[in-house]
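See below for the structure under consideration.
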Amino acid sequence: MKFTTVVCTVLIVVGLQMRVSGEDVAVRCSSSEIKSVKKDGTDLEKRSFYGYRSFEPEYETMKIMRNLGIDTVTIMVSNNTNFMGEPYTKYQPTWIWEREYDFSLFDKNVQETIAAVSDVKLNVVVDMNPPGWWVKRRRERFDPFIEFGRVAANEDYREDVSDYLRALLRHAVKAFPGRFANFFIMGGYTTEWFDLSHGVESGSRIKAWNKWCAAHGLPKCDIPSWSTRYSGVPESHGLLRTVSTHAIALNYWKFNSTLSAETVGTFLKEARKVLPKEIGIGITYGYIFELWPNCQASWSQLEYEKIFDMPEVDFALSPISYGAKERGMGGAPMAMIPLQTLKVRGKLVVNSTDTTTFTSRFPNAPGKNGKVSIMGRIVEWKTPDEVRAGLRREMCYNLINGCSTWNFDMWGGWYDSPAARQTIGECKRIWDSELALEQKEAAEILLVVDPENMYYINDSHPDSTMFVNPVRKALSTSGAMYSTASFNDLKQLDLKNYKLIIFSHPFDLDKGKKETIEKLCAGKTVMWIYAPGIIHHGKWDAKQMRQIAGAEFESGTIHYAEHSIYVPSPKTLKEDDMRRAIKYAGVHSWTDQSLPVYANARLVAIHIGKAGKVKLNFPCKCKAVTELFSGKKYENVDAIVLETTGPETLLFQYGM
């Protein structure tokens with residue numbers, strides 16, 4: 001079978017029912033019956049939630065949210081500072097000296113939250129970054145907020161943070177029995193476990209590197225230099241590495257991600273030892289979609305499957321997109337973690353909605369009167385209509401894809417407008433009514449990332465993000481349904497409904513990967529991004545790529561062959577290119593207009609950025625269709641023409 005592939009992204013993770021594999025239950029994940037029950041009998045669907053979070057003690061807002069039906073609130077316990085150097089919360093510190101803790105401020109936070117909402121279900125974000133004084137007490141103590149990788153192997157750090165975590169959790173469950181739903185174990189940069197050290201050495205890192213080399217039968221060597229760590233072969237203009245020329249760098253980045261996973265995994269295991277099984281454990285890890293340079297191997301999270309394999313993990317958390325364009329009207333936010341990677345393991349996804357609104361309060365810069373920019377963002381939802389359309393869009397994405405969510409109020413005011421509160425109330429009512437109903441997937445496109453092959457990318461190169469970002473953006477408003485997965489998920493997934501499978505990192509297809517694709521993707525259209533199989537037996541081999549893709553490397557134009565599409569330059573990929581690929585693969589197009597659509601076999605949502613007419617095409621003739629926000633009904637239709645006066649998000653029940 002000859003392959004030529006175009007980039008596509010699949011995002012529809014339907015319903016809240018899923019089968020489990022990996023360390024939970026080894027079964028294939030079927031789109032017709034997806035049930036999330038772990039080996040210990042835990043029904044993860046019961047842990048799904050639609051909640052509220054803020055850094056600030058927004059107790060009056062919590063009361064309003066409770067009146068709107070939201071009974072799950074997330075608070076934070078921290079001993080560190082945010083990106084402004086300010087304390088994360090008003091209730092810190094609790095770690096006051098070496099192995100000395102005072103949890104009275106944590107208790108006050110919990111008590112005041114309960115006083116505001118008596119029946120509240122509490123999630124707790126635990127910031128694992130130690131206090132600033134801890135860093136200065138001894139040598140080899142680096143600040144993990146910035147340089148997690150330089151301290152990850154430090155036993156002083158591991159033991160002290162583990163001791164604090166155990167003490168906090170023991171205190172919490174004893175002082176407030178039955179009150180907590182989930183604890184999210186978070187640390188590193190912005191409490192998302194990012195490592196911003198760029199692989200820079202430390203004493204503990206050197207020692208751990210030498211130990212890792214010995215365990216893998218490699219000769220002892222120094223940590224590779226900056227130019228060695230960040231380089232690539234000339235055939236790729238410095239973008240990709242090969243084993244024959246960059247073995248040390250490849251091994252070093254593999255070591256760093258393994259070390260990160262082992263250290264974070266240690267904390268997760270310590271948390272589970274203390275917490276009863278009815279309390280869930282969440283983690284921020286494995287952001288693969290929406291990338292920047294120096295954030296793939298450099299972030300040290302490419303071994304994310306090791307974390308998601310852990311039986312201690314119930315949830316994975318990420319913002320529902322970082323990009324301002326995706327957050328704005330007409331944009332298409334998505335989970336930054338591969339959805340099917342979690343689902344085949346019986347895990348749940350939490351997407352944090354924190355898009356700024358015209359009522360958002362921004363923090364003051366220390367010593368200044370001006371407001372602080374959050375990653376360069378400005379107000380993203382500028383009017384009541386935009387707030388309404390945006391909140392609906394995020395809820396629809398999460399409901400249809402089987403993800404939990406919280407509306408993140410950050411520094412307060414995000415949801416102060418009547419439009420925001422009314423919309424949150426209607427979203428929660430729909431969420432509650434639809435949550436327990438059977439959902440089946442409708443995605444026909446699967447966007448596949450490969451963390452093993454991502455090590456080959458020199459992520460300091462300006463084009464290092466082109467294997468995901470342009471592909472995802474071209475796909476997100478192409479009118480088709482997609483989901484996301486990692487390469488190793490393919491053998492666990494039921495692929496029968498997928499017609500187009502996009503391989504975004506197909507550089508090395510040795511060790512049975514090519515044969516796996518040929519077997520599992522037979523009869524489907526495969527889209528190859530940039531250079532399928534070009535790294536063969538550790539060397540650059542353009543001939544091997546020609547045999548797989550039927551085209552020359554960087555051949556200029558998208559090449560079509562039987563069941564194959566080759567995209568030589570993904571950074572120039574456009575939505576029109578993706579639509580052509582979708583048509584070629586026989587994928588259903590829900591709309592011909594450039595709009596995000598989210599769908600499963602029961603529900604379809606469409607987000608419209610501005611006034612105009614839109615045609616929504618159903619995959620079959622529907623006896624009855626109901627728009628759930630308005631209650632408007634349609635009968636015996638296979639398409640609906642919608643006319644809006646401004647930004648809008650509509651949610652249709654079309655299947656039973």
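The values are calculated or read from the model by the stated rules, or taken from the named source; none is laboratory data. Being a predicted model, the structure only gives us computed values, none of them experimental. Cβ placement follows ideal geometry from the backbone for every residue including glycine, while neighbour counts extend to all protein chains displayed. For the accessible areas, the whole protein counts, side chains as well, though only heavy atoms, and no ligand, DNA or RNA atoms are used. Shrake-Rupley method; radii C 1.70, N 1.55, O 1.52, S 1.80 Å.
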Give the residues of segment 501-522 that are among the charged types (D, E, K, R) and more than 14 Å from GLY538 (Cα to Cα), sorted by residue number. LYS513, LYS514, GLU515, GLU518, LYS519
Of all residues in segment 594-610, count the ones that are within 21 Å of ALA324 (Cα to Cα) and either without any contact (Cβ under 8 Å) to a residue 40 or more places away in the chain or not in a strand (DSSP E or B) (or both). 4
Which pairs turn up if I take residues in segment 625-642 that are surrounded by fewer than 13 Cβ atoms within 10 Å (Cβ to Cβ) and look for partners that are hydroxyl-bearing (Ser, Thr, Tyr) and modelled with pLDDT of 95 or more with beta carbon separation below 9 Å, at least 6 apart in sequence or on another chain? LYS632/THR626; LYS633/THR626
If you go through segment 379-398, how many residues are open to solvent by less than 10 Å² (accessible area, probe 1.4 Å) and of a type outside the set (A, V, I, L, M)? 7
I'd like to verify a number: residues in segment 572-585 that are touching a residue at least 12 places away in the same chain (Cβ under 8 Å), in contact with a Ser or Thr (Cβ under 8 Å, 6 or more places away or on another chain) and either closer than 22 Å to TYR654 by Cβ or not small (Gly, Ala, Ser) (or both), how many? 5
Does SER298 count as over 26 Å from TYR50 (Cβ atoms) and touching a Gly at 6+ places or on another chain (Cβ under 9 Å)? yes
Would you be able to tell me the number of residues in segment 112-163 that are open to solvent by 30 Å² or more (accessible area, probe 1.4 Å), assigned to a loop (DSSP other than H, G, I, E, B), more than 26 Å from MET62 (Cβ to Cβ) and out of contact with any Gly (no Cβ under 7 Å at 6 or more places or on another chain)? 4
Residues of segment 487-515 being open to solvent by less than 60 Å² (accessible area, probe 1.4 Å) and in a helix (DSSP H, G or I), which ones? PHE487, ASP489, LYS513, LYS514
Can you find a residue in segment 626-635 that is of a type in the set (S, T, N, Q) and at pLDDT below 95? no
Here the qualifying pairs (Cβ atoms under 6 Å; residues six or more apart or on different chains; first in segment 234-245 and of a type in the set (A, V, I, L, M) and in a helix (DSSP H, G or I); second at pLDDT 95 or above and surrounded by fewer than 23 Cβ atoms within 10 Å (Cβ to Cβ)) come out as VAL243/GLY538
Test: residue in segment 538-558 that is among the hydrophobic types (A, V, I, L, M, F, W, C), open to solvent by 40 Å² or more (accessible area, probe 1.4 Å), in contact (Cβ under 8 Å) with a residue 60 or more places away in the chain and under 26 Å from MET334 (Cβ atoms): yes
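So that you can scan it fast, the table gives a plain yes or no per residue for (1) hydroxyl-bearing (Ser, Thr, Tyr); (2) buried (at least 22 other Cβ atoms within 10 Å of the Cβ):
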site	(1), (2)
ARG429	no, no
ASP432	no, no
LEU435	no, no
GLU452	no, no
ILE457	no, yes
SER460	yes, no
ASP463	no, no
ASN469	no, no
ALA474	no, yes
Given the conditions (1) closer than 15 Å to VAL200 by Cα; (2) in a helix (DSSP H, G or I); (3) of a type outside the set (S, T, N, Q), which single one is not true for GLU262? (1)
Within segment 101-110, can one find any residue that is open to solvent by 30 Å² or more (accessible area, probe 1.4 Å), among the hydroxyl-bearing types (Ser, Thr, Tyr), under 21 Å from PHE49 (Cα atoms) and not in a helix (DSSP H, G or I)? no
Return yes when SER231 is modelled with pLDDT of 95 or more and of a type in the set (Ser, Thr, Tyr) and no when it is not. yes
Restricting to segment 315-335, name every residue that is assigned to a helix (DSSP H, G or I) and either buried (at least 24 other Cβ atoms within 10 Å of the Cβ) or not acidic (Asp, Glu) (or both). ALA324, LYS325, ARG327
How many residues does segment 559-587 hold that are open to solvent by less than 60 Å² (accessible area, probe 1.4 Å) and touching a Lys or Arg at 6+ places or on another chain (Cβ under 7 Å)? 5
Strands (runs of 3 or more DSSP E) fully within segment 516-568 counting 3 or more residues that are on the phi > 0 side of the Ramachandran plot: none
Any residue at all in segment 297-314 that is at pLDDT below 95 and crowded, with 18+ Cβ neighbours inside 10 Å? no
Within segment 247-305, considering residues that are of a type in the set (A, V, I, L, M) and within 26 Å of LYS121 (Cβ to Cβ), the one nearest to the chain's Cα centre (by Cα): ILE283
Quick one: count up the residues across segment 69-87 that are over 30 Å from ASP432 (Cα atoms) and surrounded by fewer than 19 Cβ atoms within 10 Å (Cβ to Cβ). 7
Looking only at segment 151-192, which residues are over 30 Å from GLN111 (Cβ atoms) and under 19 Å from the mean Cα position of the chain (by Cα)? TYR189
